[in-house]
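Working notes, beginning with the structure itself.
Please treat every number below as a calculation from the coordinates, not as lab data. All values reported here derive from a predicted model rather than from experimental measurement. Here the Cβ positions follow ideal geometry from the backbone for every residue, glycine too, while neighbour counts run over all protein chains shown.
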């Protein structure tokens, strides 16, 4: 039996400014210290074996902060590298934690909306249209990705790597962006295409699942 923990990154500067971020790399906002400490304390007792994240700065920075109290040192490796290529890593396994990095876990690409103020965009295009771009399954923002597009790149990666590790009884932490997490939640909870529009994860939001005999149970 393995356990899966999903963590949305901490609030970024553009989240604070209410801008569409997508694939743009921006730093974390200088707040949420209490929330970071709370999550890090929780993860210190969760006995995490493997971490997956994306190369976006806000995800990798959140990963480091979240793991601060685990008494393990994260070793980041872009996905594709094998454990045996990490030098003496296996001999140091008790002190170091493998963190695999993959673009498959990136936020959706927001295309022409990236960098724009969300409120101004709603004033221009209408709140319902912007809601469809942000939350629906198959409506993509101009020049960007729909959640369906994100699902197509995220879920095959998840099935091949994370789910196989869960089958081996590993405890997995995924630190990622909103829409890659929504894609995973859709898959895990078997949420219908029309219903996923109502699924949201707050900044620094945590979700936990137990995986046993191919079935997920929400913790």
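Test of understanding: among 179, 171, 164, which residue is under 22 Å from residue 7 (Cα atoms) and touching a helix residue (DSSP H, G or I) at 6+ places or on another chain (Cβ under 6 Å)?
Values: 171 fails: touching a helix residue (DSSP H, G or I) at 6+ places or on another chain (Cβ under 6 Å); 164 fails: touching a helix residue (DSSP H, G or I) at 6+ places or on another chain (Cβ under 6 Å).
Being under 22 Å from residue 7 (Cα atoms) and touching a helix residue (DSSP H, G or I) at 6+ places or on another chain (Cβ under 6 Å) holds for just one of 179, 171, 164, which is 179.
Restrict the check to region 50-61 and report whether at least one residue is surrounded by fewer than 16 Cβ atoms within 10 Å (Cβ to Cβ) and in a loop (DSSP other than H, G, I, E, B). Step through it out loud before you land on a result.
Just the residues of region 50-61 that are surrounded by fewer than 16 Cβ atoms within 10 Å (Cβ to Cβ), to begin with: 57.
With the extra rule that they be in a loop (DSSP other than H, G, I, E, B), the set shrinks to none.
No: region 50-61 contains no residue that is surrounded by fewer than 16 Cβ atoms within 10 Å (Cβ to Cβ) and in a loop (DSSP other than H, G, I, E, B).
Tell me the strands (runs of 3 or more DSSP E) entirely within region 146-219 that contain at least 3 residues that are touching a strand residue (DSSP E or B) at 6+ places or on another chain (Cβ under 7 Å), without any contact (Cβ under 8 Å) to a residue 24 or more places away in the chain and surrounded by fewer than 18 Cβ atoms within 10 Å (Cβ to Cβ). I'd like the intermediate steps shown before the answer.
Values: elements: 172-176, 206-212, 215-218.
Strands (runs of 3 or more DSSP E) meeting the threshold: none at all.
Go over the candidates 68, 31 one by one and state the one that is in a loop (DSSP other than H, G, I, E, B) and under 14 Å from residue 204 (Cα atoms). If you could, list the steps in order and put the result at the bottom.
Numbers: 68 fails: under 14 Å from residue 204 (Cα atoms).
That would be 31, the only listed residue that is in a loop (DSSP other than H, G, I, E, B) and under 14 Å from residue 204 (Cα atoms).
Can you find, within region 104-132, the residue that is surrounded by the fewest Cβ atoms within 10 Å (Cβ to Cβ) among those that are under 19 Å from the mean Cα position of the chain (by Cα) and in a helix (DSSP H, G or I)?
104
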